[in-house]
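See below for the structure under consideration.
The values are calculated or read from the model by the stated rules, or taken from the named source; none is laboratory data. Everything quoted here is computed from the prediction, not taken from an experiment. A quick note on method: Cβ atoms are made from the backbone with ideal geometry, for glycine too, and the neighbour counts reach across all protein chains shown.
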Amino acid sequence: IIDSIQYHCKGERDELLPAASYSLVQQVKNRGVYSFCMCPGGFIVPAATSPGEVVVNGMSPSKRNNLFANSGIVVEINVEEDIPKYEKFGVLKGLEYQKDLERLAFTSGGRSQTAPAQRLTDFVEGILSSDLNPTSYQPGLKSAPLHSLLPRSIGSRLRTGFAEFGKKMKGYYTSEANIVGVESRTSSPVNIPRNEQLEHPEIKGLFPCGEGGGYAGGIVSAAMDGERCAEAAVAGL
């Protein structure tokens, strides 16, 4: 489907062309909704790190020759405005919010690594899917009403964002696509402070960097930030 949209072709793309990718973004109610880490010809994989949570992620093998395309679709979160009830957790409020989303996915997925899912059009239209499309996610999928389970600040923006994506890419908005939850670790919910020299203001020799430190949101940006911090560390010797 993605190949036919991007290459304007019918049927399979020419064998000399690579699997097609896409990048989509839409502002919805003053928050960005965008595609993240789009993997053509890839797999959705389990990425949980603790019991009682479901976390999904995506990847592509080098040949990008799997049947499916996948992408994380991200909603921007403003911690001050969107999650006020987590204020009691202080600087870890974003982390606690993330944990609750992952527990929600675990429960609605059947309390295993089976992930909750819905057909894309059903999600946008607020309908529980009677069945789901084939998937690359090996633990399997369970139909769940993600349109009502996700927090409104996320779910409503996703529903609007998907509908707008369909206007930008004719054919993208289709019942042949699944949404699978949740990809909740696109960036760190905790930001470790650092000064102009990229060093922690209170711990000499500590240079917080990359995604874990809260200074990157992907492989390339993490690598670039790591390079900057390595140079800063050498300069401080």
Which is farther than 24 Å from I1 by Cβ and either in a loop (DSSP other than H, G, I, E, B) or in contact with a Phe, Trp or Tyr (Cβ under 8 Å, 6 or more places away or on another chain) (or both), of A163, A233? A233
Filter result for S136 (under 30 Å from H8 (Cα atoms), small (G, A, S), surrounded by 16 or more Cβ atoms within 10 Å (Cβ to Cβ) and over 14 Å from the mean Cα position of the chain (by Cα)): yes
Does any residue in the stretch 1-30 that is within 19 Å of A177 (Cβ to Cβ) come within less than 9 Å, Cβ to Cβ, of a residue that is part of a loop (DSSP other than H, G, I, E, B) and among the polar types (S, T, N, Q) six or more places away or on a different chain, and which pairs are these? I1/T174; I2/S21; Q6/S21; A19/S60; A19/N65; A19/N66
Considering every residue within the stretch 157-165, establish whether at least one is exposed (fewer than 13 other Cβ atoms within 10 Å of the Cβ), more than 15 Å from G72 (Cβ to Cβ) and at pLDDT 95 or above. no
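Right, E183: under 18 Å from R31 (Cβ atoms), assigned by TED's automatic domain parsing to the domain that holds F106 and assigned to a loop (DSSP other than H, G, I, E, B) or not? Even if it seems obvious, please write down each step before you answer.
Details: under 18 Å from R31 (Cβ atoms): yes; assigned by TED's automatic domain parsing to the domain that holds F106: yes; assigned to a loop (DSSP other than H, G, I, E, B): yes.
Against the criterion (under 18 Å from R31 (Cβ atoms), assigned by TED's automatic domain parsing to the domain that holds F106 and assigned to a loop (DSSP other than H, G, I, E, B)), E183 qualifies.
Out of E96, E80, E102, I need the residue that is over 20 Å from the mean Cα position of the chain (by Cα) and either at pLDDT 95 or above or not β-branched (V, I, T) (or both). Which one? Explain how you work it out, then say what you get.
Numbers: E96 fails: over 20 Å from the mean Cα position of the chain (by Cα); E102 fails: over 20 Å from the mean Cα position of the chain (by Cα).
Criteria check complete, one pass: E80.
This table checks each residue for (1) crowded, with 19+ Cβ neighbours inside 10 Å; (2) of a type in the set (G, A, S).
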{"residue": "V54", "(1), (2)": "yes, no"}
{"residue": "N65", "(1), (2)": "no, no"}
{"residue": "N78", "(1), (2)": "no, no"}
{"residue": "E81", "(1), (2)": "no, no"}
{"residue": "E87", "(1), (2)": "no, no"}
{"residue": "K99", "(1), (2)": "no, no"}
{"residue": "T107", "(1), (2)": "no, no"}
{"residue": "G110", "(1), (2)": "no, yes"}
{"residue": "T121", "(1), (2)": "no, no"}
Please go through the stretch 191-230 and give me each residue that is among the aliphatic types (A, V, I, L, M), in contact with a helix residue (DSSP H, G or I) (Cβ under 6 Å, 6 or more places away or on another chain) and either assigned to a loop (DSSP other than H, G, I, E, B) or without any contact (Cβ under 8 Å) to a residue 12 or more places away in the chain (or both), ordered by number. I192, L198, A216
Hey, V91 hits all of (1) in a loop (DSSP other than H, G, I, E, B); (2) in contact (Cβ under 8 Å) with a residue 60 or more places away in the chain but one; which does it fall short on? (1)
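Table: residues versus (1) closer than 30 Å to L101 by Cβ; (2) in a loop (DSSP other than H, G, I, E, B).
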residue	(1), (2)
G11	no, yes
L16	no, yes
A19	yes, yes
F36	yes, no
V45	yes, no
E53	yes, yes
Counting just the residues of the stretch 6-44 that are surrounded by fewer than 16 Cβ atoms within 10 Å (Cβ to Cβ) and of a type in the set (A, V, I, L, M), which one comes out modelled with the lowest pLDDT? L16
